[in-house]
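Chemist: First, the structure itself, so that you have it in front of you.
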Amino acid sequence: MPRSRHIVRSVLRTAAVLVLALQSAPDLARHPPRGAAPGAASGQFDYYLLTLSWSPSYCLVHPGDRYQCDGRGFGFVLHGLWPQFDAGGYPEECAAESRLDRAAEAVGRTIYPSPRLMQHEWERHGTCSGLTAVDYFRTADRALAAVQIPPAFTAPASDRQFLPGQILAAFRSVNPALPPHALTVACNRAELSEVRLCLTRDLEPRPCGRGVRDSCPSVPILVRSARRS
């Protein structure tokens, strides 16, 4: 009989652990550890990260991308609008239709520099937005339109160097509504790669969540010119 009571207690403890785990599952799904969370539930995220790529740096590494780099002379271009978690990390490749129909392609081609990037961004990030592809691209377009690009970065004709803080200050000067910690600068070594802006789900500027930070050294960084070839 004592052994039987011991077995019953063990079974009850195991059941209690399973119940607690099931009760916690929604929170774990909403706030996963830092890094990607493949296959997360679509629409479950806290805010957006609008990412603007500095095209001259991209094209130096990808000269064969004829859509973005063949004499286009682009400066900042839309890289993506990425759902994010406040606690760090982000969902990706969620369970949604990954193929784009003609209506979605027609919208996406007006905001992304290349069809390949458009498809990639929808598959990896857009499917986690909880929106249709058309609505996701329209949301990205509205987010992009809400950001003013400083004159020094519209289409510089020669290479220049800036401290990361100067780049942030230039963006804040033409976007005075930005709150603290809403904007970050990303570098590839000591060269400008991207500027990233954190937005609410309603596309209002907001402070970034955990893990979104500057990745540039505290030295003057190279900003390549937007020359047309």
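Chemist: Mind checking which residues of region 61-81 are over 23 Å from the mean Cα position of the chain (by Cα) and either of a type in the set (S, T, N, Q) or part of a helix (DSSP H, G or I) (or both)?
Modeler: Within region 61-81, just ARG66 meets the criteria.
Chemist: Return the residue satisfying two criteria in turn: it lies in region 77-113 and is of a type in the set (A, V, I, L, M) and in contact with a His (Cβ under 8 Å, 6 or more places away or on another chain), and of such residues it is modelled with the highest pLDDT.
Modeler: Restricting to residues being of a type in the set (A, V, I, L, M) and in contact with a His (Cβ under 8 Å, 6 or more places away or on another chain), the top hit is LEU81.
Chemist: For the subset of region 132-170 comprising residues that are touching a residue at least 60 places away in the same chain (Cβ under 8 Å), part of a loop (DSSP other than H, G, I, E, B) and not hydroxyl-bearing (Ser, Thr, Tyr), which member is surrounded by the most Cβ atoms within 10 Å (Cβ to Cβ)?
Modeler: It comes out as VAL147.
Chemist: Using beta carbons and a limit of 8 Å, which pairs, at least six apart or on different chains, have the first residue in region 98-126 and closer than 13 Å to LEU78 by Cα and the second one exposed (fewer than 14 other Cβ atoms within 10 Å of the Cβ)?
Modeler: Close Cβ pairs satisfying both conditions: GLY108/PRO115; ARG109/PRO115.
Chemist: Turning to a different aspect of this structure: Spot the failing condition for PRO179; the list is (1) outside any helix (DSSP H, G or I); (2) touching a strand residue (DSSP E or B) at 6+ places or on another chain (Cβ under 7 Å); (3) more than 20 Å from TYR58 (Cα to Cα); (4) in contact (Cβ under 8 Å) with a residue 60 or more places away in the chain, and only one is missed.
Modeler: The failed condition is (4).
Chemist: With the requirement that a residue be touching a Cys at 6+ places or on another chain (Cβ under 8 Å), in a strand (DSSP E or B) and of a type in the set (A, V, I, L, M, F, W, C), what does region 185-208 give you?
Modeler: Residues satisfying the conditions are VAL185, ALA186, CYS187, LEU192, CYS198.
Chemist: Follow-up. Run down SER98, SER53, SER129, SER57 and say which single residue is surrounded by 18 or more Cβ atoms within 10 Å (Cβ to Cβ), of a type in the set (Ser, Thr, Tyr) and farther than 23 Å from PHE171 by Cα.
Modeler: On inspection, the qualifying residue turns out to be SER129.
Chemist: Say whether the condition of being outside any loop (DSSP other than H, G, I, E, B), under 16 Å from the mean Cα position of the chain (by Cα), charged (D, E, K, R) and crowded, with 19+ Cβ neighbours inside 10 Å is met by at least one residue in region 108-121.
Modeler: Checked region 108-121: at least one residue is outside any loop (DSSP other than H, G, I, E, B), under 16 Å from the mean Cα position of the chain (by Cα), charged (D, E, K, R) and crowded, with 19+ Cβ neighbours inside 10 Å.
The values are calculated or read from the model by the stated rules, or taken from the named source; none is laboratory data. Keep in mind that what you see is a predicted model, and the values were worked out from it rather than measured. Neighbour counts run over all protein chains shown; Cβ positions are idealised from the backbone, glycine included.
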